[in-house]
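Beneath this line is the structure, given in structure tokens, with notes to follow.
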């Protein structure tokens, strides 16, 4: 604004300065016996002309400045909304898992109760997402009322999971009473579904932790124990951590080692399309295929990290997927943890395989955020190295945490993949639209292409296209398969 005032003063007073200079010029000409009336007329005309030009320039600058101020305010509002919504669940409007973790850090003795709606995936699949959402909102309303009894906050922390968090010094007996009351209220609860003209019965399983450190993880262990032992609820105890979790980890560790030894780690490929419906690339996804049954990575990837088998799986996927695309002109994207990029063994292996198969221009590396992302210099060094070879870079699951905004400028990706939680209900949810619109606004300014994940219906696909997203991926467009399906377009 101060600059604009200075420009205004310069433009307004410039004719006056011109008049003064002109008067000196007239005085000079008078000494040369030039007609004074003629000189005054010329001076007035010139002054008026200069004034008109100056006013035109000022009006143009003023309009540009006002437009710029307006755009800045709009961008500021979008960023503000984006920050707010990153801490809210889009469907229930409850604070999300990120908000829960930050609130835990502020508490002295945080206590958590976790709720899981049993077989919710089956309900969602059989009755559809609208009915599933109705049930989630019904459970939310019940928990909000119940939470008032002991001044707790309700969070949605997963697709079918809620949490209650509080910081009071209630003892285990009091919590046991609360959980028994919860179970009584929710066990075999009938929820009337107006759209179906019938009721659906739900069951819940509950896990709780009253310990201050690693409260959420311990509540999750208790929840898992309650499910495995078919109990309504369970409290965290150290014995659960050492027995149940260890047994589960051993089981999956053996399965992973056996799969690697038997060459059962198989890359699956899900197609990605552009706005014109043209196939542009595939995402490479891991599966364990045993006896013609494909096991999802959700079941084994976390364990593979804990038992130091993740790098071996990554190497198998890289070898097999690079070998496949080297025989085609297809492009693939492949997920990498920051730990892969900061591990010299894995990072050198990736570079060697890119050179061996000559696929640099066919590869997009998708960065998954983990604890090693903080080692930005090592990660960035690796990315700069492969970028010089022709490899493209993407940030995966963008929008799920505010931290990945800070990595955006530092890592300079070619793509950002907008997280599925923002895309899932974008055809009906105004908050999703607002957040995605803000992401699109700054990604376009930074010349970064956007990819929508979880495109599961025609309505979602059309809305994503309308908003201006560049590329699309999801079960509506194509499911993952073990071969590079030759689809030129939708």
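With r defined as the distance between the Cβ atoms of residue 261 and residue 141 and R0 fixed at 56 Å, what FRET efficiency is calculated, to the nearest 0.05? Taking R0 as 56 Å, the efficiency between residue 261 and residue 141 is 0.65. With the simple spin-label model, which puts each label point 7 Å out from Cα in the Cβ direction, the residue 352 to residue 329 separation comes to 3.2 nm. With 0.36 nm allotted per residue and the present C-alpha distance subtracted, the residue 167-residue 74 stretch has 29.6 nm of extension available. DSSP assigns beta bridges within segment 247-472; of those with both partners inside it, close to 40 percent run antiparallel. Between residue 126 and residue 430, the FRET efficiency from the beta-carbon distance, with R0 = 30 Å, is close to 0.60. Projected label points at residue 476 and residue 64, each 7 Å from Cα along the beta carbon direction, are separated by 4.2 nanometres.
A straight chain from residue 108 to residue 254 at 0.36 nm per residue would run longer than the Cα-Cα distance by 48.6 nm. Beta-bridge orientation, segment 187-334: approximately 75 percent antiparallel, per DSSP, counting only bridges with both partners inside. Take the Cα of residue 457, step 7 Å toward its Cβ, do the same at residue 293, and the gap between the two points is 3.2 nm. Taking the fewest neighbouring Cβ atoms within 10 Å as the starting point, the ordered list for 250, 307 is 250, 307. Were the residues from residue 53 through residue 227 laid out at 0.36 nm apart, the gain over their Cα-Cα distance would be 54.7 nm. Quick one: check the C-alpha center-to-center distance for segment 89-155 versus segment 251-323, whole angstrom. Segment 89-155 and segment 251-323 have Cα centres separated by 31 Å. Normalised by residue number, the volume inside the convex hull of the Cα atoms of segment 247-472 is 139 Å³ per residue. Each of 383, 408 was scored by other Cβ atoms within 10 Å of its Cβ. Listed from fewest to most, they are 408, 383.
All of the numbers you see were taken from the coordinates with simple rules; none came from a lab. Quick caveat: nothing in here was measured; it's all calculated off a predicted structure. Cβ atoms come from the backbone with ideal geometry, glycine included; neighbour counts cover every protein chain shown.
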